[in-house]
1. For chain B, build the convex hull from the C-alpha positions and give me its volume per residue in Å³.
2. Could you list, bin by bin from short to long, the percent of Cα-Cα pairs of the protein assembly as shown in 20 Å steps?
3. Taking chain B as a Gaussian network, where each spring joins two C-alpha atoms under 10 Å apart, which residue of B:G40, B:G12, B:G89 fluctuates the most?
4. Who wins for biggest fluctuation among B:S38, B:S55, B:S18 in a Gaussian network model of chain B, springs between alpha carbons below 10 Å?
5. Extent of segment A:243-353 along each principal axis, from alpha carbon coordinates, in Å, largest to smallest?
6. Between beta-carbons, use under 15 Å as the cut-off and find the net charge around A:H131, counting Lys and Arg +1, Asp and Glu -1.
7. With a cut-off of 8 Å between alpha carbons and a minimum separation of six or more residues, what is the relative contact order of chain B in percent?
8. Can you give me the Cα centroid spacing of segment A:99-174 and segment A:209-284 in angstrom?
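A short reminder: the numbers here are calculations on the coordinates, not readings from a lab. No experiment lies behind these values; they were computed from the predicted model shown. All Cβ positions, even for glycine, are placed from backbone atoms using ideal geometry, and neighbour counts span all protein chains on display.
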Amino acid sequence: MAEKVLMKGNEAIAEAAIRCGCRHYFGYPITPQTEIAAYMSKRMPKIGGTFLQAESEIAAINMVYGAASTGRRTMTSSSSPGISLKAEGLSYLAGADLPALIVNIQRGGPGLGGIQPSQSDYFFMTRGPGHGDFHIIVLAPATVQEMADMTRLAFELGEKYRMPAMLLADGTMGQMMEPVVLPEESVDPESIPATKPWATTGTGMKRAHNIVNSLYLKPDELEKTNIERFERYAQLEKEECRWEEYLMDDAEICVVSVGITARVSKNAIVAARKEGIKVGMIRPITLYPFPKAPLAKAAEKVKSFLTVELNMGQMNEDVKLAINCSKKVSMCNRVGGMIPSSDEVLEAIRKEAK
Amino acid sequence: MTYEVIMAGFGGQGLLFSGKVLAHAALIEGKELSWLPSYGPEMRGGTCNCSVIVSDDPVGSPIIARPNVLMVMNEPSLDKFESAVSAGGTVFVDSSLISRKVERTDIEAVYIPATQMAKEMNAVSLANMIILGAIVKKTGCVAPEVVEKSLRETISARKAALLDLNLKAVEMGIRFIEENGK
């Protein structure tokens, strides 16, 4: 077995990206994700890659657009306010059908907000982070190991479906250290563009030009690109939903939570089980596509759902949609950088059990 | 057994580092662990803490609500965390920096004049490592001899010259527990 090392979540993302063949990082510092940029600034020059601290988040995402056009694995990272600035670029990436990795280590908002952990960009990320009709793939890791593993998954899914992919985590996940087995270096960065027939790699006078663009002035053509894109989204929704089920076999209450709150919830569920409360958890791993099917299935047997989130009830709505409002969906939440304690979650579970 | 350790004090006392050395030692022992820093606009002189969980079982939440091991290097941290310690837990107090005693009677207090001891070896910034030595000796959360290996692997290149002093500080903490019969 490969060696376990101790790393921060942010560092694990950076090292995993490099091992997956990413050689182009463009970013701008912002707490609590700056370790990604710091790590890249040390590693990239040593391996012939690009680390570039742009003049702004907007510049960085547009550099990603350029690098992604050439078919290379490329990424940027930021935290909530910085992601707002990247929204325009995300829309252009989506409109040009370009894969790229975007990392959002969320902090409390809105506005400049605070720098402590949050999950309040949920709507922003899952509903379409920019103008126009589009989605990005959104993955929600809950361990440092998943942060490394999902970095690879984000590159692979993004390329398969030709769309930007995001790792969406909270400040705690970025800052904490855990043992992690990093992915093997199995991808030759130079070989990746050749697998993308659309990439602007140079015609060599042998083929027509590849054009990367999101401008379509003829409405019928633009309509066609939108419809084709949503066919891909339908395929993605059908095939790529991921989630974890925890003690759901006999559960009468289903906790739904992601990231750090899923971990706090696990502690609370263990404590509630000791009191004889039949409670389990479904932890969505893909937030777009949202794992509706397992929730709908759970709705057939549980009495109620309880979302535990660091926002005012954003994923709560997705759970209601997934189960067609067929059961009660309660919520246990804290915002602004506060995190519910396992006792608070336990109390919310007890209330559901009454 | 699960050790939930909070190390708290002022920024600049090396609390995040001593937590990292403990976490890395747990990694070497093949245990489950997590390390979570307080983060923010923190600086030398501000408050600072880290939470380290060392366990035989997978770690759920890295956030510690009720530590069973508490290390405090300033009075505000003792005030803040004393009530959180689980019954039967142990508090390690740097008695050179904190004049008051632990008030609770259902937890054990270990008073170490760590900063004074570190001053005497002309390395005031190593009080954290003295207390770390005391913690591992007293609780057995990791084997004391593994801490040495962890330190060797954790210390940054910039501070490599201070490795021997760090090792000596850990050793002093271990000896303090041996000599004080705890």
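1. Dividing the Cα hull volume of chain B by its residues yields 111 Å³.
2. In whole percents, the pair-distance histogram is 21, 50, 25, 4, 0.
3. Result: B:G40 has the largest fluctuation of those listed.
4. B:S38
5. 33, 29, 21
6. Around A:H131, the charge tally is +1.
7. Computed value for chain B: 21 percent relative contact order.
8. Here the two parts' Cα centres lie 12 Å apart.
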